[in-house]
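So the structure is just underneath, and the comments pick up after that.
The values are calculated or read from the model by the stated rules, or taken from the named source; none is laboratory data. The model shown is predicted, which means the values in this text are computed figures rather than measured ones. Neighbour counts run over all protein chains shown; Cβ positions are idealised from the backbone, glycine included.
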Amino acid sequence: MVPSATSPERDPATSDPTVLKLRKTLTSESAPLAHRFRALFSLKHLASQHPPTDATVPAIQAIAAAFASPSALLKHELAYCLGQTGNDTSVPYLRHVLEDRNEDAMCRHEAAEALGALGHEASLELLRGLRDDDSEEVVVRETCEIAVQRIEWEHSEARSIEKLKKSDFSSIDPAPPLPQASQQRAIHQLEETLLDTSLPLFQRYRAMFALRDLSSPPTLPTAVTAVQALAHGFDDPSALFRHEIAFVFGQLSHPASIPSLVQTLSNPLEESMVRHEAAEALGSLGDEEGVTDVLKRFLNDPEQVVRDSIVVALDMAEFEKNGEIEYATIPETAQAVAA
């Protein structure tokens, strides 16, 4: 049974006024979605402290409490943030989401990916079972496949001898980049691995993150070419793979990715989980000319998760334009909601 995350009387979150205020904003269905996202990333910061603090577990419980929300977009982001905490307290909440077949597939996929990020070997039995279940959603099966290989890699001898390039990104990724020696291959060779559908998804993801690291910082001579190689991944048959390309572009915030992101967002036949990620990636590029105008065109999109993503993306774009130091900072208007 998943630990209670919805009972304030028994929840240590009540002993920390900062966590409690953020929790109230995050779990309030009347609070603007953009404010709830900012509260979430503030809680993620508190939940990810190493070594843990007195606020760590209450922050994790506060994040998990919001799984009661009807918003698939918010719940999928909750799962992502729990996976980024590096704290095993998150595991039962993520297992609960993944095992719930009535939950949105996008949320379950993110829970599986988060379990992979946490690297807990006890999660392997569940992940392998869902990976091998032909009745499961494809996106869930594929994510479980990657998560299994990530955990196995995490505990392998290969990991201890691989020389990985230090990343500019603090995220725990679904797969590590290819080893540094491999990264010295020509970009077109990495692109071949990226696009080779006969290879395991985990290996292709490793090429993806190697290309990401060759795209950062944006002044690298390899950056534009690597971004263009990644953009070809939007033609992949796997929606999961396409969504991860968009996520990587959100991390990079490279202007060269804008044309492919706009095309992906504008495609009504594209899966909503891909379009939503493209929208948020464009939000991270909100200080680039014309991006905000593009996003506003989709405020009334037929897909709820896309509409919600546009709201968050426009908030991100405003943050970029204003030059705010930290997106997780809660605006003053949200403080009133939390009070």
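Conditions (1) at pLDDT 95 or above; (2) buried (at least 19 other Cβ atoms within 10 Å of the Cβ); (3) of a type outside the set (Phe, Trp, Tyr); (4) within 17 Å of Asp213 (Cβ to Cβ), marked per residue:
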residue: Phe234; (1), (2), (3), (4): yes, yes, no, no
residue: Phe241; (1), (2), (3), (4): yes, yes, no, no
residue: Ala246; (1), (2), (3), (4): yes, yes, yes, no
residue: Gln263; (1), (2), (3), (4): yes, no, yes, no
residue: Ser266; (1), (2), (3), (4): yes, no, yes, no
residue: Ala279; (1), (2), (3), (4): yes, yes, yes, no
residue: Gly283; (1), (2), (3), (4): yes, yes, yes, no
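Are there any pairs with C-beta distances below 8 angstrom linking a residue in segment 37-64 that is within 15 Å of Leu78 (Cβ to Cβ) to a residue that is at pLDDT below 95 and of a type in the set (Phe, Trp, Tyr), with the two at least 6 apart or on different chains, and if so which?
Close Cβ pairs satisfying both conditions: Arg38/Tyr327; Phe41/Tyr327.
So is Arg108 among the basic types (Lys, Arg) and touching a residue at least 12 places away in the same chain (Cβ under 8 Å) or not?
yes
Tally time: how many residues in segment 49-60 are closer than 19 Å to Lys24 by Cα and more than 19 Å from the chain's Cα centre (by Cα)? Please lay out each step first, then the result.
Applying the first criterion (closer than 19 Å to Lys24 by Cα) to segment 49-60 yields 54-60.
Adding the requirement that they be more than 19 Å from the chain's Cα centre (by Cα) leaves 54-58.
Total satisfying the criteria: 5.
Could you give me the residue pairs with C-beta distances under 7 Å whose first residue belongs to segment 272-297 and is farther than 24 Å from Ala72 by Cα and in contact (Cβ under 8 Å) with a residue 24 or more places away in the chain, whose second residue is of a type outside the set (D, E, K, R) and part of a loop (DSSP other than H, G, I, E, B) wherever it lies, and which are 6+ apart or on separate chains?
Once the first residue is farther than 24 Å from Ala72 by Cα and in contact (Cβ under 8 Å) with a residue 24 or more places away in the chain and sits in segment 272-297, its partners that are of a type outside the set (D, E, K, R) and part of a loop (DSSP other than H, G, I, E, B) give Val291/Leu285.
What pairs come out if I take residues in segment 147-167 that are free of Cβ contacts under 8 Å to residues at least 24 places away in the same chain and pair them with residues that are surrounded by 18 or more Cβ atoms within 10 Å (Cβ to Cβ) whose C-beta lies under 7 Å away, six or more apart or interchain?
Partner pairs satisfying both residue conditions: Leu164/Pro176; Leu164/Pro177.
Just give me the residues in segment 300-315 being assigned to a helix (DSSP H, G or I) and within 15 Å of Met106 (Cα to Cα), in sequence order.
First pass over segment 300-315, keeping only residues assigned to a helix (DSSP H, G or I): 304-315.
Across segment 300-315, the qualifying residues are Gln304, Val305, Val306, Asp308, Ser309.
Just need a number here: residues in segment 189-232 that are loosely packed, with under 15 Cβ neighbours inside 10 Å, small (Gly, Ala, Ser) and under 20 Å from Phe169 (Cβ atoms).
Residues that pass the stated criteria total 0.
Residue-wise test of (1) assigned to a helix (DSSP H, G or I); (2) outside the structural domain of Thr85 (by TED's automatic domain parsing); (3) surrounded by fewer than 17 Cβ atoms within 10 Å (Cβ to Cβ); (4) at pLDDT below 95.
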| site | (1), (2), (3), (4) |
| --- | --- |
| Thr14 | yes, no, yes, yes |
| Ser30 | no, no, yes, no |
| Lys44 | yes, no, no, no |
| Pro58 | yes, no, no, no |
| Gln61 | yes, no, no, no |
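Helices (runs of 4 or more DSSP H) wholly in segment 91-186 with at least 3 residues that are under 27 Å from Arg275 (Cα atoms) and in contact with a helix residue (DSSP H, G or I) (Cβ under 8 Å, 6 or more places away or on another chain) - which ones? Lay out the reasoning, then the answer.
Values: elements: 91-99, 105-118, 124-131, 138-154, 157-161, 180-183.
By residue number, 91-99, 105-118, 124-131, 138-154.
Need the failing condition index for Ala186 against (1) buried (at least 17 other Cβ atoms within 10 Å of the Cβ); (2) assigned by TED's automatic domain parsing to the domain that holds Ala239, just the number.
Failing condition for Ala186: (1).
Check whether at least one residue in segment 259-280 is of a type in the set (Val, Ile, Thr) and under 24 Å from Pro179 (Cβ atoms), and report yes or no.
Start the filter on segment 259-280 by keeping residues that are of a type in the set (Val, Ile, Thr), which leaves 262, 264, 274.
Those still in the list that are under 24 Å from Pro179 (Cβ atoms) too: none.
So far as segment 259-280 goes, no, none of its residues is of a type in the set (Val, Ile, Thr) and under 24 Å from Pro179 (Cβ atoms).
Quick check on Asp293: is it of a type in the set (D, E, K, R), farther than 25 Å from Arg131 by Cα and either at pLDDT 95 or above or buried (at least 20 other Cβ atoms within 10 Å of the Cβ) (or both)? Please lay out each step first, then the result.
Details: of a type in the set (D, E, K, R): yes; farther than 25 Å from Arg131 by Cα: yes; either at pLDDT 95 or above or buried (at least 20 other Cβ atoms within 10 Å of the Cβ) (or both): yes.
Taking the combined requirement at face value, the residue satisfies it.
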